[in-house]
Amino acid sequence: MGKSCIIALFILFFLMVGCKKKQEQKSLLLYCAAVVKPVLEEVVKVYYKETGIQIDLQYGGSGTLLANLRIAKQGDLYLSADASYMQQAIKYNLIKESKPLVAITPVLAVVVNNPKQIKNIKDVCTEGVRFGIANPDAASIGSVTKNMLVASGDWDTVKNCIYVQMPTVSDVSNALKLKTIDVGVIWDVTANQYKEIDTVKIDFFNEFKEYATVGVLKSSKQEKEALEFMSFLLHNAKSKRVFKKLGYNMY
Amino acid sequence: MVMGIVASTYVILILAMVLADFFYTTPSHIFKALASSEIQYAIKLSLISSTITMVLSVIVAIPIGYFMARYNFKFKKIIDAILDIPIVLPPLVVGLSLLLLFQTTFGQFIESHLRITYTIYAVVIAQFMVACAFAVRTMYVTFSQINNRQEQVALTLGCNQRQSFFYILLPQAKSGILTAASLAWARALGEFGPILIFAGATRMRTEVLPTTVFLEMSVGNIEAAVAVSLIMIASGFLVLLVVRLYGTKKNTI
């Protein structure tokens, strides 16, 4: 019994080392804001086919990812949903070089066909309407939502109508898809990915256009490869095609 | 000798983890964290919801554990496996499944009377689904280990089934019940994944302590995140210790 246990442990250990080997194939770690997840997933596949370099993506809200990479001090690239998080990362002395990647605009998103008849931002306070936003601390869209509504003077009323806050833009979109909320603020490019989501035009939202920004981390041990991937992402025709196909406007 | 090394390595690893937290923070960070109204709210909600979860879990776990330990019935093995599903499932799946459950006709019926999704009720339900499974497992083992001879003697002496359960079996299971309760409480206090999905991360509403750690980290306030973690470690440790001391009063500590 004891002997077989030890043998089994050894076998498992060797299998794990095997897994690690695979992990150590040439690969880059990219901290990726949730808003660009669909497009990055595709581009990464294309890049792997071209170069054999695997890009591992870690998703989350821009703020969450920034905190992670500050602690871990590992990884090769950071893609934040808006420039403000990249500014913070630069302030923390984490970024070697950064470039804007795609334009994104916040939109008021509703369940398809707008069953609750939401027409403007004040409607989120209507009785029976569940309004969800991304957490202003965790996600870029959350802080943009707050800033927009503060600027328009609506925040003080609207903040009491917030039914739920969620960690990322994807969570808010999923909640709309599952109809657990009726209206939320998300990025236009995220709304494009969901056939279950319609958007309501709010003019002053357009003033808050942001640029998802990609940067190479100082912690990267494969700086050359990281810069190469960044340039592929920004300039390669195949990458541009993927962005276009999924409805993202490049910078 | 070898066993000693193996055992002590694990204990040292646990302590080292806690110490690492300690060295990252200072008392002033902890006091600052304690002074923030969001964190006060999170502490309050965490303690209250975990306690409710604990009581609910014990109430549910005692009868389930009793039936599983004392009776044989068809499909017992299958029921046994079903009871372990919440333990096996990844936390995110528990949260997502609850979210979907409350979107069905049955769920919508409940929601039309009392809103569950994204409220504090969702916090308790999410905690309960996982914590209760641990309590059930503990009660099942507890009742199985108690010889049913005494109950049978009580029955021959004129006790009915109910009396033999409450006066003979339950007192013997006291320490098992305490363990189940403390396990459920601790599990509930640390629950995060299902709550994030099913109850959201709304500050001052559905924010429990693990959510606070997550949100403080998101803003880059790692010091506060660590301070809150230490508050959790301390309160969890204290409650478990009190329960252990009280539960094993007759024996040694």
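Here are the numbers for the structure shown:
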| quantity | calculated |
| --- | --- |
| Any chance A:SER140 is within 13 Å of chain B (Cβ to nearest Cβ) and within 30 Å of B:SER97 (Cβ to Cβ) | yes |
| Pair list, Cβ < 6 Å and 6+ apart or interchain, from segment B:66-84 residues that are touching a residue at least 40 places away in the same chain (Cβ under 8 Å) to residues that are assigned to a helix (DSSP H, G or I) | B:TYR66/B:PHE143; B:MET68/B:TYR140; B:ALA69/B:TYR140; B:ALA69/B:PHE143; B:ALA69/B:SER144; B:LEU83/B:VAL136 |
| Residue match in segment A:230-244 (condition: surrounded by fewer than 16 Cβ atoms within 10 Å (Cβ to Cβ), within 18 Å of the chain's Cα centre (by Cα) and free of Cβ contacts under 8 Å to residues at least 40 places away in the same chain) | yes |
| Some residue of segment B:150-158 being of a type outside the set (Ser, Thr, Tyr), in a loop (DSSP other than H, G, I, E, B) and within 14 Å of chain A (Cβ to nearest Cβ) | no |
| Residue within segment A:189-199 that is in contact with a helix residue (DSSP H, G or I) (Cβ under 6 Å, 6 or more places away or on another chain), in the same structural domain as A:SER62 (by TED's automatic domain parsing) and surrounded by fewer than 24 Cβ atoms within 10 Å (Cβ to Cβ) present | no |
| Matching residues, segment B:79-94, being of a type outside the set (A, V, I, L, M) and over 14 Å from B:CYS132 (Cβ atoms) | B:ASP80, B:PRO90, B:PRO91 |
| Residue list for segment A:111-147, restricted to those being in contact with a helix residue (DSSP H, G or I) (Cβ under 7 Å, 6 or more places away or on another chain), assigned to a helix (DSSP H, G or I) and surrounded by 21 or more Cβ atoms within 10 Å (Cβ to Cβ) | A:ILE121, A:VAL124, A:SER140, A:ILE141, A:VAL144 |
| Restricting segment A:159-171 to residues that are in contact (Cβ under 8 Å) with a residue 60 or more places away in the chain and more than 9 Å from every other protein chain (Cβ to nearest Cβ), the residue that is surrounded by the most Cβ atoms within 10 Å (Cβ to Cβ) | A:VAL169 |
| Filtered residues of segment A:210-251 (kept if outside any helix (DSSP H, G or I) and acidic (Asp, Glu)) | A:GLU210 |
| Where B:SER28 falls short, out of the listed (1) in a helix (DSSP H, G or I); (2) surrounded by 11 or more Cβ atoms within 10 Å (Cβ to Cβ) | (2) |
| Segment B:3-35, residues that are over 24 Å from the mean Cα position of the chain (by Cα), over 21 Å from B:GLY220 (Cα atoms) and of a type in the set (Ser, Thr, Tyr) | B:SER8, B:THR9 |
| Given (1) among the aliphatic types (A, V, I, L, M); (2) out of contact with any Ser or Thr (no Cβ under 9 Å at 6 or more places or on another chain); (3) not assigned by TED's automatic domain parsing to the domain that holds A:ASP188, number of the condition A:VAL111 does not satisfy | (3) |
| Yes/no for A:GLN54 being touching an Asp or Glu at 6+ places or on another chain (Cβ under 8 Å), away from chain B (no Cβ under 13 Å) and surrounded by fewer than 18 Cβ atoms within 10 Å (Cβ to Cβ) | no |
| Residue in segment B:96-109 that is farthest from the chain's Cα centre (by Cα), counting only those that are surrounded by 15 or more Cβ atoms within 10 Å (Cβ to Cβ) and in a helix (DSSP H, G or I) | B:GLY107 |
| Flag if B:VAL219 is within 14 Å of chain A (Cβ to nearest Cβ), more than 18 Å from A:GLN165 (Cβ to Cβ) and not charged (D, E, K, R) | no |
| Number of positions in segment A:75-99 that are part of a loop (DSSP other than H, G, I, E, B), surrounded by fewer than 21 Cβ atoms within 10 Å (Cβ to Cβ) and more than 12 Å from chain B (Cβ to nearest Cβ) | 1 |
| Selection within segment B:71-95 - at pLDDT 90 or above, surrounded by 13 or more Cβ atoms within 10 Å (Cβ to Cβ) and over 19 Å from B:ALA61 (Cβ atoms) | B:VAL93, B:GLY95 |
| Criterion (closer than 29 Å to B:ALA42 by Cα and free of Cβ contacts under 8 Å to residues at least 60 places away in the same chain) met by exactly one of B:GLU111, B:GLU151 | B:GLU111 |
| When residues of segment A:57-74 are limited to those that are under 17 Å from A:LYS37 (Cα atoms) and not polar (S, T, N, Q), the one farthest from the other protein chains (Cβ to nearest Cβ) | A:LEU57 |
| Criterion (touching a helix residue (DSSP H, G or I) at 6+ places or on another chain (Cβ under 7 Å), more than 14 Å from B:ALA42 (Cβ to Cβ) and of a type outside the set (Phe, Trp, Tyr)) met by exactly one of B:ALA181, B:ALA234, B:ALA199, B:ALA224 | B:ALA181 |
| Hits in segment A:172-188 (condition: away from chain B (no Cβ under 14 Å) and surrounded by fewer than 23 Cβ atoms within 10 Å (Cβ to Cβ)) | A:ASP188 |
| Qualifying residue in segment B:172-192 (condition: out of contact with any Lys or Arg (no Cβ under 9 Å at 6 or more places or on another chain) and within 14 Å of another protein chain (Cβ to nearest Cβ)) | yes |
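The values are calculated or read from the model by the stated rules, or taken from the named source; none is laboratory data. Only a predicted model underlies this, so the values are computations on that prediction, with no experimental measurement involved. No Cβ is skipped: glycine too gets one built from the backbone with ideal geometry, and neighbour counts run over all protein chains shown.
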